[in-house]
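**Student:** Have a look at this one before I ask anything.
The values are calculated or read from the model by the stated rules, or taken from the named source; none is laboratory data. Worth saying up front: this structure is predicted, and the values here are computed from it rather than measured. All Cβ positions, even for glycine, are placed from backbone atoms using ideal geometry, and neighbour counts span all protein chains on display. These accessible areas exclude ligands, DNA and RNA; they are computed on the full protein's heavy atoms, side chains included. Shrake-Rupley method; radii C 1.70, N 1.55, O 1.52, S 1.80 Å.
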Amino acid sequence: MGLKGFVEGGIASIVAGASTHPLDLIKVRMQLQGESAVPNPSVQVYRQALAMNSAVGNVSITQVVSQPRVGPVSIGVKIIQSEGVAALFSGVSATILRQTLYSTTRMGLYDILKNKWTDKETGKLPLTSKIAAGLIAGGVGAAVGNPADVAMVRMQADGRLPIDQRRNYKSVVDALGQMTKQEGVTSLWRGSALTVNRAMIVTASQLATYDQVKEMILNKGVMNDGIGTHVTASFAAGFVAAVASNPIDVIKTRVMNMKVAPGEVPPYSGALDCALRTVKDEGPMALYKGFIPTISRQGPFTVVLFVTLEQVRKLLKDY
């Protein structure tokens, strides 16, 4: 029973992750907009600046006019124009590995805990127990999948760097190998505290919300146990997960993506420093950068995840 939950969750997670990867890439690019610790901010075509120089006597005046940040559609178009359509799937190998490690672990462990804690007589599980199961499962899954998460963020963000500063990882295996060689094994767990915190929040809010909403719909007789119920519960779960996790996701993306050259001071000393500098330099709402693509991805991802999961469960119910 335990192994079956891991298999079912793994298949559903890989299908969902691969199919929504372009939306995740756009989200990462948006979360990095306006970052002050970028090697060469001028190459960030997503927020262009027009500099005008004028001389008054011996005094030189430079005026910078910043254009407003653009949205996910514009970023997607710009990526295709400057890097090609294939760039939308940059890091997809890392996404697949991440889902294989992280999501398979969290989905399987959540299923085990849920079955273990469900009242055998009533067949019910309180919401608090569902949340607790999600927190534990998410934390363990994130710790297992963090190396793939770091590789995925870097591969997705690579196209925004100057050509001579790009990492140009060929695959997730190459990314993990280069990181280990150049920055040490510990670099594979950079931002792991943030990853664990985010995963605990996402898993608890996503899985618990899905189970709770699905249970409410079925108990009240609003709909039968079918695609309609699964899609409705999935959308609710995706929205709750996106709202709860976006701030941590922004900080996680920036910490994982920072380039640390030997002998130089890192752009951020840690997650707290990154959060404080982000809020100070860009305002509190910077923590919700990329929210539109986050919810745009989290919605379809969660729907594909749970609809696929329910279908896989039906196929494997006799095993």
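**Student:** Only Cα pairs under 8 Å and at least 6 apart count here; give the relative contact order of the chain as a rounded whole percent.
**Tutor:** Numbers: 464 pairs, mean separation 78.9, N = 319.
It rounds to 25 percent for the chain.
**Student:** Can you give me the angle between helix 127-157 and the longest principal axis of the chain, using Cα atoms only, in degrees from 0 to 90, rounded to the nearest 10?
**Tutor:** For 127-157 against the chain, the angle is about 40 degrees.
**Student:** Find the relative contact order for the stretch 201-288 and round it to a whole percent, using C-alpha pairs within less than 8 Å whose residues are 6+ positions apart. Provide the component values of the computation, followed by the final result.
**Tutor:** Values: 68 pairs, mean separation 23.7, N = 88.
Relative contact order here is 27 percent.
**Student:** Also, I was wondering about something else. Return one whole number: the accessible area per residue of the stretch 77-132 in Å², for a 1.4 Å probe.
**Tutor:** Details: 2900 Å² over 56 residues.
Accessible area per residue, the stretch 77-132: 52 Å².
**Student:** Among the lysines, select those whose C-alpha is under 27 Å from the C-alpha of LYS78, and discard any that sit fewer than 8 residues away in the same chain.
**Tutor:** The qualifying lysines are LYS27, LYS170, LYS252, LYS259, LYS289.
**Student:** Probe radius 1.4 Å, ligands and nucleic acids ignored: give me the carbon and sulfur share of the accessible area of the stretch 201-288 as a rounded percent. Please report the intermediate quantities before stating the final value.
**Tutor:** Values: 2700 of 4070 Å².
Accessible surface attributable to carbon and sulfur in the stretch 201-288 totals 66 percent.
**Student:** Now, a different point. Treat every Asp and Glu Cβ in the stretch 201-288 as -1 and every Lys and Arg Cβ as +1, leave all other atoms uncharged, and give the resulting dipole magnitude about the Cα centre to the nearest 20 debye. Can you show the working numbers first?
**Tutor:** Numbers: 7 positive and 8 negative charges, 15 e Å.
It comes to approximately 80 debye.
**Student:** Shifting gears a bit: For the stretch 193-208, in order, what is each residue's ³J(HN,Hα) by Karplus, 6.51 cos²θ - 1.76 cosθ + 1.60 with θ = phi - 60°, in whole Hz (x at glycine and Pro)?
**Tutor:** Those phi angles translate into 4, 5, 4, 5, 4, 5, 5, 5, 5, 4, 5, 5, 6, 6, 6, 5 Hz.
**Student:** Further question: Find the accessible area per residue for the stretch 201-288; the probe is 1.4 Å, ligands and nucleic acids are left out, and the unit is Å². Provide the component values of the computation, followed by the final result.
**Tutor:** Numbers: 4070 Å² over 88 residues.
I get 46 Å² per residue for this part.
**Student:** Tell me, what ³J(HN,Hα) does each residue in the stretch 17-31 have, in order and in whole Hz, if you take phi through Karplus 6.51 cos²θ - 1.76 cosθ + 1.60 with θ = phi - 60° and put x for Gly and Pro?
**Tutor:** Rounded to whole hertz, the list is x, 5, 6, 10, 4, x, 5, 5, 4, 4, 4, 4, 4, 5, 5.
**Student:** A further question follows. Pull up the cross-link candidates among the lysines for LYS314, meaning alpha carbon to alpha carbon under 29 Å and not fewer than 8 places away within one chain.
**Tutor:** LYS4, LYS114, LYS116, LYS120, LYS124, LYS130, LYS214, LYS220
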